[in-house]
Each structure stands twice: as structure tokens, then as C-alpha cells.
Amino acid sequence: MHLYLLWWLGLSHRLRHDLARELTFAIASCVLIATFFYVFNDFLNVQVAALSAAMHQRFAKLASIALLLLTGARAATWLRHERFAATGVRQMARHLGEKRTTVQAWSWLYTLTLTSFSHGLCWWIIHRYLTPWSLPQAALFEAMLLVTTALVVRWPAAPQPAMQRDSALEGDRSLGLTLYLWRLRQIVGRNRASQFALILSTMFLLLVALAAMRTLPLFVAALCSLAAGYTSTAALIFHLADDLPSAWTERGSGVTHDRFVTTYFWLGATLAGAYALAASCAYLSGAAALGGGDLGIATIGQALQLAAVAIVPGLTAPMLCMQIDGRRSGINLLLLLIAALFVGTAVFAHWLGLGLIPVLGSFALKSQAGRFYRA
Amino acid sequence: MTEPSTNTPQALLQTKQLTMRFAPSYQLGPVDLHLAAGETVGVVGRNGAGKSTLFQLLTGNLDASSGEVHVDGHRLTPDTPRIKRLIGYLPQDPVLPRWATGREVLGYAARLYELPDIAKRVPAAEAYWDCGSFRQKPLSTLSYGMQKRVALALATLHEPRLLILDEPFSGLDLNHIKALEELLTTRGRKGLTTVLSTHVTAFCARLCSRVWSIQDGRLESIEPWQSLDQGPREQAIEARFFAAPAPLARP
């Protein structure tokens, strides 16, 4: 119980001593969430209302599953961190020679508090704003979520990775290309969170092809394209959160803030471009499979439209991710979601909506002036 | 407090009224420094006295509330690449890219510094800091001391004219402490300047041509220094350190 109180005290101290930063973060999160609902009501509700009741229900169910999975993943990350981190109440208690049973009791209390709060909040949001679940369904899903969380938390820490290929000193390249290739290699080949996001993105591409094959409304394919673009850009956001704490190397070697952000812009453009092209190809493949290889001009136009929608998150993220705090991927994902929905809807309505991106970029550049690797 | 600034002809590092305000009741500075080429200066002070903050200000990584930093006669701002490349910096807790290997991060830094002969320079730095045996392992899998050696290799890779080391000895084993001491001595002979912080008075006494103490936000030079031998130098630091009232009552 003493350890549990210590944890609560630690939380309150953190809030008290870092009040300005935490307040900024909390207010920014609230503003973003409110904006999200505003955007949803004003732009997307019209599209959603046009769907059939069954489709509407299916979307609500999908959204609640996504929310549950995200919450479960976040809670599992926190629990796993507490279990394996070198610092923290658990490790401190063990180092101080606390009894094994006491440490275990603390772990259970911590797990119960965190899980009941995060999962409870999630179920309340689902029940209040999305779609009510029947009790057996909810209980089954929650049980599955808890079992998965337990497996993730108790999974042993990853073994030492294999030796890496020795190619660090090969080739001669410019400063910009060095910055770009260094990060691209980490994102695609090393950073596991980024790799997970890229795999998720590829799954959304399959859904684009499926939407074309099942002749679902174009809106559904567009949403899947946007999701593919969004998740591929999440890879960038995850890496930025990892990258900033070690950016003293770049700062020390005179890499300016502008150059650093420009690198992320080109990375975003690369990922977005690749996934936009892939979304377009996926749609065409799906349509071709359905029509026996026959593609009309209208279908090609629709595929281009999907590509334009998919490219939005990748182009907007580099402008947004240093606005609040680059080290917090959660807030950046939320910020990107709103911007992507807003600009993506505009682009879906008319390709000229792509013109919003330079406008956004202009505001972002102005607000970043004079900053030095800081939000 | 002002560091005496009259006798040194050409300043490699100079600050003018450099001040960092944390709260209405507490500030670091104003600091007026004048550091010539070839000097090795130690900075001592209690935990939280502002040593790391001073180093962050000197490297341009932190914006001062007021005042200026000049390196080699040029004003240092966050976006002055050429000037920043004159400096090598080791942070107190050097966070390294966890997905990369030591070899990769050194190669990357060498490219950022646009150094010639990367293929020779990087292995040489690895050899000096004894990083060769783990050069292909991801940095996240290395011990604190190993990571510190990679960070030291990073800070010294381009042989900077001004090297700023925040607690460089912590985490190093005896072999590498010796390597660092040799490096600092060699740098002094070559006319290269080093500023370092440490809590070990013996290092200051052995290696530094001057020592500053930070106390209550003020930077003061410990005098006399040059005329003293190692033992009295250590005593001079301890006398300055223990002269101030302790921040907390000891049990």
C-alpha cells in the first residue's frame, strides 16, 4: 500500500513540478478532441448519414473495436514499461530489498488501477457516443483484450538483436541526403513501432482492393486509403518521438531546425507518395479483378482520387508534428487525424483541396520560426 | 559574477552578461567568460547548481534569457552551423539513437560534420575509445559505460576547437578514464580548449588550468590556482565547496 501511495505521490509531484508543460498538453489535447468532434459533425456526418443503417452500425462497431484495441495497446505499453524499465516503483522496491509478495501486490494494484481506468473510460465513450454493446459481447471482448494484454506484458524482453550489416562508412552523399537516408533506414528497417504502423498501413491497402472488388461506395475506399496514408505517416511520428531525444548529434553538428524539419517533410512525402501509389494500384487491381481486367476512365479517375486522399497525411504531418510536442506521439497522432480528416475530406470532394496543404505549411513555417528542435 | 577577462589576448569562447532566469527568485549568471585557446577549465558545483544549464547555453542548445555567447569571435545562435561545428559536446546523459549501431552513428556524425576520410577517421575514433568490439551492436543493447564511450567518440570525432564535457568521467572504467585524461592533456598541448564538469576534485586538480565554481547562480574562479600543487588545489576546491551552507540539514 505504501508503494501504491508513493506512485500516486509521484504522479502528483510530476503534475506540480511540470505544471506548465502538462497544462499545455492537457489543453491542447482537449482543443484537439473538441475540434475532432466539430470536424466530424460538420464534414463527415453528412457522408455518414448517407450510409444505410446497417453500414452505419458496422462503422460504429469498427470504430469502437479500433478504440478498444488502441486503449488496450496503450495500457499494455504502460504496464510492460513498469515491468521492464530500469527505473520506476517496482524496480526501486526490488533494489531496496522489498519482499517479493509486496512487490507483486504493488504490481497488481498498479495493473488494476491502470486497466480499470483506461478500459472503463473507453467502454463509457463507446456506450455513450458510438454504439452500445450487448453484455455478453462486451464481456467476451474485454476478456480477450485482458488475455492479450497479459500475454504482451508478460512476454520476455526481446533478445539482443543480431549484428547489423557494416555499411555505415560506404558511399559519399550530401548533408540533406545523409539526414534523409539515416531516418528512412531506421523507420523502415529498425524502429519496431514504425514497422508495425507500416504493416497496418499495408493491411488498409488490402481493404481498398476489397472495397473495389465488393463495389462498396467510393467513400469506403477513400476512408481506407486515408487510413493507409494515416498509419504509414504514424510510422514517421513514432520515429520522431524516438529521434528527438538523440538529436543532440544533429544540433551539435550545426544542422538547423529548418533542415531537420525539411528532412521529415521529404520522409513524409516519400511514405505518402509510396502509399498513395499503392492505394491507387490496389483500387485498380480490385476493380480489374471484378471487371475481368476492364478499367474505364471513371475507375482510373477514382483511383487517382484515392491516391490524392492517401497522400494527405504524409504531406501534412511534418508541418504539424513539431507544433505541440514532437516527443509525444499520441498528441501528434490526434492532431494528424483531425488535419487528415479535414484536408482529406476536402480533397475527396475536389482534388483542388490539395491546395490546402501549402496553406497549412505556410502557417506551420511561421509558427516554427526561431525554434530550435523544440515545439 | 564576472570571470577576469583582461589578460587573455584572443578569446576562443567569450560570454557577455549571459543570464538564464528560472524563477523570479533564481537565476544563473550574469556570466562573463573569456577563454583562450589551449585552456582546460573545470566547472564544479553542487547537484542542480546549473553546470549543465551553463553548458547548454555555451553550446547554443538553450536560449539564454539575456546575454551573448561568442565562439572564435562569432556570435553563437541556434542556427549558425559553421560556428557550432567548432564545438564538441558531451551531454550529461547522452541519449543515443537506440536502433542504430555505434559504427553507424559515428559514420552518420562524420557525414554531418562533412569530415574527409570518414573510412579512416571513424575506425580511429572507435579504436581510441575501444568501441571496436561492439561497433555493430545496436546502441540500446550496450551498457552505460559503452554508450558513454560512443558518445565521447562522437563529441571528439571532429577534433573540435572547443570541447564541452558534462561529467565525462562518470560511468567510465579506469582504462577509459586514463584515455580521457590523455586526450585532455594532448588537447591542451595542441592549443585546443576544453571545459568540463566533474565532482572529482583530483581530476580538476590534475587536468585543469583553471577551475570555476558555481554557487547560488554565480560563477567564480577558484584562486589561487596556477601556483598550487595538486593536493592544495583539491583542498582549495573542497574549501570553496564546503564553505557554502548545505542546502538540506543532514540527519
The distance between the Cα centres of segment B:63-107 and segment A:69-96, in whole Å, is 33
Computed on Cα atoms, the radius of gyration and Dmax of segment A:175-368 in angstrom are 17.1, 58
Fewest-first ordering of B:TRP212, B:TRP225 by Cβ atoms within 10 Å yields B:TRP225, B:TRP212
From DSSP H assignment alone, runs of 4+ in chain A each adding -39500 (n - 2.57), the sum over residues rounded to the nearest 500 puts [θ] at 222 nm at -26000 deg cm²/dmol
Counting sequence-distant residues (5 or more places) and residues on other chains, those with an amide H built under 5 Å from that of B:VAL195 are B:VAL41, B:LEU163, B:ILE164, B:LEU165
Counted neighbours (other Cβ, 10 Å), sorted fewest up, put B:THR141, A:THR215, B:THR40 in the order A:THR215, B:THR141, B:THR40
Pairs over 30 Å Cα to Cα, from B:LYS16/B:LYS190; A:LYS366/B:LYS84; A:LYS99/B:LYS51; A:LYS366/B:LYS137, come to A:LYS99/B:LYS51; A:LYS366/B:LYS137
The Cα radius of gyration of segment B:94-159, divided by 2.2 N^0.38 Å with N its residue count, comes to 0.97
Karplus-derived 3J(HN,Hα) from phi for segment B:116-127 (6.51 cos²θ - 1.76 cosθ + 1.60, θ = phi - 60°), whole Hz, x at Gly and Pro, runs x, 6, 4, 4, 9, 5, 5, x, 5, 5, 4, 5
For A:ARG374, other-chain or 5+-apart residues with amide H closer than 5 Å (H placed, Pro excluded) are none
Subtracting the Cα-Cα distance of B:ARG82 and B:ARG21 from 0.36 nm times their residue separation yields 19.2 nm
Expressed in nanometres to one decimal, the distance between label points 7 Å along Cα→Cβ at B:THR185 and A:PHE59 is 7.5
Each residue of B:87-100 has, on average, a number of other protein chain C-beta atoms within 10 Å of its C-beta equal to 5
Here the alpha-carbon Rg of chain A over 2.2 N^0.38 Å rounds to 1.08
When A:THR202, B:THR156, A:THR233 are ranked with the fewest other C-beta atoms within 10 Å first, the list becomes A:THR202, B:THR156, A:THR233
Computed on Cα atoms, the radius of gyration and Dmax of the protein assembly as shown in angstrom are 28.1, 93
With R₀ set to 45 angstrom, the calculated FRET efficiency between the beta-carbons of B:SER209 and A:LYS99, to the nearest 0.05, is 0.25
Residue-normalised 222 nm signal for chain B, counting each DSSP H run of n ≥ 4 as -39,500 (n - 2.57), nearest 500 deg cm²/dmol, is -10000 deg cm²/dmol
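Every number here is computed from the coordinates shown, using simple stated rules; none is lab data. For clarity, every value in this text was computed on a predicted model and none was experimentally measured. Positions of Cβ are generated from backbone atoms using ideal geometry, with glycine treated the same way; all protein chains shown enter the neighbour counts.
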